[in-house]
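This report refers to the structure that appears directly beneath it.
Taken together, the values in this text are just the output of simple stated rules run on the coordinates, not laboratory data. In this text, all values refer to a predicted model and were calculated from it rather than measured experimentally. Glycine gets a Cβ as well: all are built from the backbone with ideal geometry, and neighbour counts include every protein chain shown.
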Amino acid sequence: MDDISLNTLYLILVVLILLSGFFSSSETGLMAINRYRMRHLANSGHRGAKRAQKLLSRPDKLIGLILLGNNLVNILAASIATVIGIRLLGDNGIWVASLVMTFIVLIFAEVAPKTVAALKPERIAFPAAFVLTFLLKILYPLVWLINIFTNLLLRPFGIRTRVEAIERLNREELRTLLQEGGQISNDHQRMLVNILDLEQATVDDVMIPRQEIVGIDLNDEWESILTQLTQTLYTRMPVYRGSIDQVEGLLHIRSVIAKLTAGGLTFEDLKRSIRSPYFIPEGTTLTQQLLEFQSRERRMGLVVDEYGDIQGMVSLDDILEEIVGEFTAEGKQRSRSIRHLDDDTYLVDGATSVRMLNRRLGWALPEEEANTLSGLLLEELEAIPAGKTSVRIGDQIMTIVEINDNVIGKVLIRTSNP
């Protein structure tokens, strides 16, 4: 290199340092890129995303190519720097060149490029994918040889170098991804997370308890039935004789509204409009029941236990409200079962779902022991209280203020500091 001028050597050195920075930033950018966004862009036709995805499908080839290029330019840069150092300082130029090059490579070819690539992976990875794809074709024999030795080394450890597909997320990982999705509105995040929660809830958590079911008793006077049909807020109601245990079926008010409005509805018309009852086993998950409603083309069913006794009633609206919140008259009526008295005190109906309390108020009451607040208190007390009784469950102090027919009616709940 004695016949090469110092200016030319300086220029070559700068180019080699820039190439080193390119390889370093490319490696970090490709490894830090969001795989799901990259796949979305690739499916949308983004050329850079397609090439990056193809490169990342064989990380052994990609890393082999980047390290081959990075080490090659770093070694050449060190050699050029040594020549420059000897020309300027003689023998002392060797160690001076080593010190200076260490600093330059560390800052300009490693730390700075990798920091930029980690912060802006797409801006680095997608353009770099075009260059790396071209280099891979040129240097393929060398990369192939490097990969042969690498794969032989990793094979005893059972490590595969080919990525068959994008890694799968479990439910909790997907929940975290959704909650941290900065480009998704809060309402959309909440609904998507609620969809994931459907699998963890059952019809027992959202059903209208047996004692709160509003239906039509065919044993009532006809005028009373007509008044009930005219004034009801519900679109679907169970029909029974005497008690809900003697259920005849389910009635959609729309099927009788025309004759009811015209004043020509008869008892026989009402009976002909009743649809056969649909029974749902207790413990059915909301996800499964949502699919059952869809496949059976039903919107309401009666929840029964293992003995066939009716425990409650659940509708499609009840499940949808778990996703989007209350939007029906029934849902809003149940939401009023929680009265906010002051900053940390609430008056709650005993029939209120424990799951609803936890979701609406951010509490952590145990949901495994009972479905309703009344059931939770009875499990905790192990007896029906004779009068006002207080008990602490978690961070909540609960005082039973009303009992009707051995059923807890109202509970005063005060949240205390843990």
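Taking only the Cα atoms of the chain, the radius of gyration and Dmax are 35.4, 116 Å. Listed by chain and number, the lysines whose alpha-carbon sits under 18 Å from that of LYS61, ignoring those within fewer than 8 places in the same chain, are LYS50, LYS137.
Electrostatic tally near ASP217: other residues with Cβ closer than 11 Å to its Cβ, Lys and Arg +1, Asp and Glu -1, net -2. Ranking of HIS252, HIS340 by neighbouring Cβ atoms within 10 Å, starting from the fewest: HIS340, HIS252. As a rough footprinting exposure proxy, the listed residues ARG190, ARG339 were ranked by other beta carbons within 10 Å of their own, and the order from fewest upward is ARG339, ARG190.
Excluding same-chain neighbours fewer than eight residues apart, the lysines reachable from LYS271 by a Cα-Cα span under 21 Å are LYS259.
Each residue of region 195-209 is assigned a 3J(HN,Hα), and the resulting list reads 4, 5, 6, 4, 5, 8, 9, 10, 4, 4, 6, 10, 5, 7, x Hz, derived from the Karplus form 6.51 cos²θ - 1.76 cosθ + 1.60 (θ = phi - 60°), x at Gly and Pro. Enumerate the lysines that LYS410 could reach by cross-link, defined here as Cα to Cα under 20 Å, with residues fewer than 8 away along the same chain left out. Within the straight-line cut-off, LYS410 pairs with LYS332, LYS388.
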